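Engineer: The structure's right below; bear with me while I get my questions together.
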2 protein chains.
Amino acid sequence: MVRYKALIAYDGTLFNGFQRQSEGRTVQEELERTLSKMASQPIMVHGSGRTDAKVHALGQVIHFDYPQARPLEKMRFALDTQTPEDIAVIKIEEVTEAFHARYLVKEKVYEFHVQIGKPRSPFRRHYASYYPYPLDLTKIERALPDLLGTHDFSAFCASGSSVEDKTRTIYEATMTYDESLSELVFTFRGDGFLYKMIRILVGTLLKIGNGRLDETSIPSIIASKNRQLAGPTAHPEGLYLKEVRY
Amino acid sequence: MVRYKALIAYDGTLFNGFQRQSEGRTVQEELERTLSKMASQPIMVHGSGRTDAKVHALGQVIHFDYPQARPLEKMRFALDTQTPEDIAVIKIEEVTEAFHARYLVKEKVYEFHVQIGKPRSPFRRHYASYYPYPLDLTKIERALPDLLGTHDFSAFCASGSSVEDKTRTIYEATMTYDESLSELVFTFRGDGFLYKMIRILVGTLLKIGNGRLDETSIPSIIASKNRQLAGPTAHPEGLYLKEVRY
């Protein structure tokens, strides 16, 4: 058995998320089907974590154990071309059995795209959420630093999560404007994120930018641990898992 | 009756082209359905010309006659939001009855995107054609100016066209490289283009870049008027109708 680590990208539009489900097409299932065919035996794929339905990945990391060593570029090409077109295999490397795609994650980086131009671009309808209402970007910029640091983020966690410890550390929370796409691009880097946390963070920041929530309210929302005080959950199509660091 | 001119964009992926067909979903049909509902009477839409299945538009122009005058932004907003998400209505203006979206076209501008990076991006599979083979871009750059001017472009016209006069004038034929997307972007501006002409031009230019056709061969291919001597027809997903000038 040889353990491989692979860097993959996928367009989440037509997937019911990364993780194998009883219903719906998933990224894990497609990767496992292709690898199992290549190896002529069942291969299990381990991802760095789940992504929800319609959420994209620019740099998801997986590992799997394969019955024999194969030339890396041959392996990458076979897996890339034999999986469906909405999955790309960017890089494959051999790792020791000590490596684990999920347990050893140090940091994750997510990006969230919000189109704010009018009309909504038909080309971005699956790749950015859309916010057609007025936004004061300086308010969002003032609120962003309040997210940094180690906090109990219960207020930004969707119900249905079974995780007990909701303390996470956010190292980076920024917003830039992509003029060619008329899109706000939020970047969040942290040691881990709760269920739908990024989407709730973005929904809250947009509510602040729209003036329906005060720009100084983040600390009190965090302290409340009350999901009801944060903003709505932004749509999944704007979210990208950008990088996983070990 | 008031005549309106509208600037529209569409993602061609899920359309069987612009023009109403007996089979398949078309842009014209969606626009006509929405306008007819808005006006409570049948409204006919005239486009600047057809686009094929899967071909996109950034700036298609249409006109239609509407029973009464309406505030322009209200009209634009209604048509934009009531048509499906893969159609956007960018601008509407009132024009005289002398205006006709098809008959008065002076120039059209098309863009063609070719992804050349590895692996193929899952996010661009519907928005750029893919060329994974070696390319000498200087050869393409040397060939491009040979397309300029007034020629009989029969060699670059797909069979099945009923147009008799195949003389067209190309004013602009350029190629740039979009580094962030790893895509070649071809731009063609001319007084009109034949059936599948841009896609055959791109297929021929890529064959030249790949060294399987000489970089000086464009003039002799044009002179031959023989479709067999030009390159293959590039895939429709890379093609964008960018602008129509009157």
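Engineer: Which value in nm describes the separation of the simple spin-label points at residue A:172 and residue A:225, placed 7 Å from the Cα toward the beta carbon?
Structural biologist: Distance between label points: 3.1 nm.
Engineer: Please state the charge dipole magnitude for region A:59-182, taken about the Cα centre, from unit charges on C-beta atoms (+1 on K and R, -1 on D and E), reported in debye and rounded to the nearest 20.
Structural biologist: Using only the charged Cβ atoms, the result is roughly 360 debye.
Engineer: Separation between the residue B:118 and residue A:72 pseudo-spin-labels, each 7 Å from Cα along Cα→Cβ, expressed in nm?
Structural biologist: Those two pseudo-labels are separated by 1.4 nm.
Engineer: While we're looking at this one, here's another question. For region A:2-95, evaluate the Debye formula with one uniform point scatterer on each Cα (no solvent term) and list log10 I(q)/I(0) at q = 0.13, 0.25 Å⁻¹, rounded to two decimals.
Structural biologist: These q points yield log10 I(q)/I(0) values of -0.37, -1.43.
Engineer: Could you give the dipole magnitude of the protein assembly as shown about its Cα centre, charging the beta-carbon of Lys and Arg +1 and that of Asp and Glu -1, in debye to the nearest 20?
Structural biologist: Here the protein assembly as shown has a charge dipole of around 560 debye.
Engineer: Next question, about the same structure. Can you grab the distance from the C-alpha centre of region B:93-150 to the C-alpha centre of region A:181-246, Å, no decimals?
Structural biologist: Result: 38 Å between the Cα centres.
Engineer: Quick check for me: using +1 on Lys/Arg Cβ and -1 on Asp/Glu Cβ, what's the dipole size of region B:107-245 about its Cα centre, in debye to the nearest 20?
Structural biologist: The dipole of region B:107-245 has a size of about 440 debye.
Engineer: Still on this structure, I have one more. Output the direction-averaged projected area (hull surface divided by four) of the convex hull of the alpha-carbon atoms of chain A, in nm².
Structural biologist: Its average projected convex-hull area is 13.8 nm².
Engineer: To the nearest 10 square angstrom, what accessible area does residue A:1 show with a 1.4 Å probe?
Structural biologist: Looks like 140 Å² after rounding.
Engineer: Quick check: pseudo-label points 7 Å beyond the Cα along Cα→Cβ at residue B:159 and residue A:22, how many nm apart are they?
Structural biologist: So the two model labels end up 5.5 nm from each other.
Engineer: Which FRET efficiency value, to the nearest 0.05, is calculated for residue A:44 and residue B:107 with the Förster distance at 56 angstrom and r the Cβ-Cβ distance?
Structural biologist: Calculated value: 0.45.
Engineer: Before we go on, tell me the buried accessible area for the B/A pair, both chains summed, 1.4 Å probe, in Å² to the nearest 100.
Structural biologist: Chains B and A together bury roughly 1700 Å² of accessible area.
Engineer: So which of A:91/B:196; B:5/B:225; A:37/A:74; A:74/B:139; B:166/B:207; A:196/B:242 end up more than 26 Å apart by C-alpha?
Structural biologist: A:91/B:196; B:5/B:225; A:74/B:139; A:196/B:242
Engineer: With all protein chains present, how much of the accessible area of the protein assembly as shown (probe radius 1.4 Å) comes from carbon and sulfur, to the nearest whole percent?
Structural biologist: 49 percent
Engineer: Please work out the Kirkwood hydrodynamic radius for region B:198-246, using every pair of different C-alpha atoms, and report it in angstroms with one decimal place.
Structural biologist: After inverting the pairwise mean of 1/r, the radius is 11.8 Å.
Engineer: Amide H of residue B:101 versus every other amide H placed in the peptide plane: which residues, excluding those fewer than 5 positions away on the same chain, fall under 5 Å?
Structural biologist: Those qualifying (amide H under 5 Å, at least 5 residues apart or on another chain) are B:63.
Engineer: So what is the relative contact order for chain B, in percent, with contacts set as C-alpha pairs under 8 Å and at least six apart?
Structural biologist: 25 percent
Engineer: Right, here's the next one. Over the whole of A:80-91, what's the average partner chain Cβ count within 10 Å per residue? Rounded to a whole number, please.
Structural biologist: 3
Engineer: Something else now. Show me, for region A:238-246, the HN-Hα J-couplings you get by feeding each phi into the Karplus relation (A = 6.51, B = -1.76, C = 1.60, θ = phi - 60°), rounded to Hz, glycine and proline as x.
Structural biologist: Listing the rounded values in order: x, 9, 10, 6, 8, 7, 10, 10, 10 Hz.
Engineer: Debye sum, Cα scatterers, region A:1-54, no solvent: what log₁₀ I/I(0) at q = 0.14, 0.16, 0.24, 0.27 1/Å?
Structural biologist: Values, matching the q order: -0.37, -0.48, -0.99, -1.16.
Engineer: Taking R0 as 22 Å, what's the FRET efficiency between residue A:245 and residue A:95 from their Cβ-Cβ distance, rounded to 0.05?
Structural biologist: For R0 = 22 Å, the calculated efficiency reads 0.90.
The values are calculated or read from the model by the stated rules, or taken from the named source; none is laboratory data. Fair warning: this is a prediction, and the values are worked out from it, not measured in the lab. Backbone-built Cβ (ideal geometry, glycine too); neighbour counts: all protein chains shown. Surface areas here come from the heavy atoms of the whole protein model, side chains and all, with no ligands, DNA or RNA. Shrake-Rupley method; radii C 1.70, N 1.55, O 1.52, S 1.80 Å.
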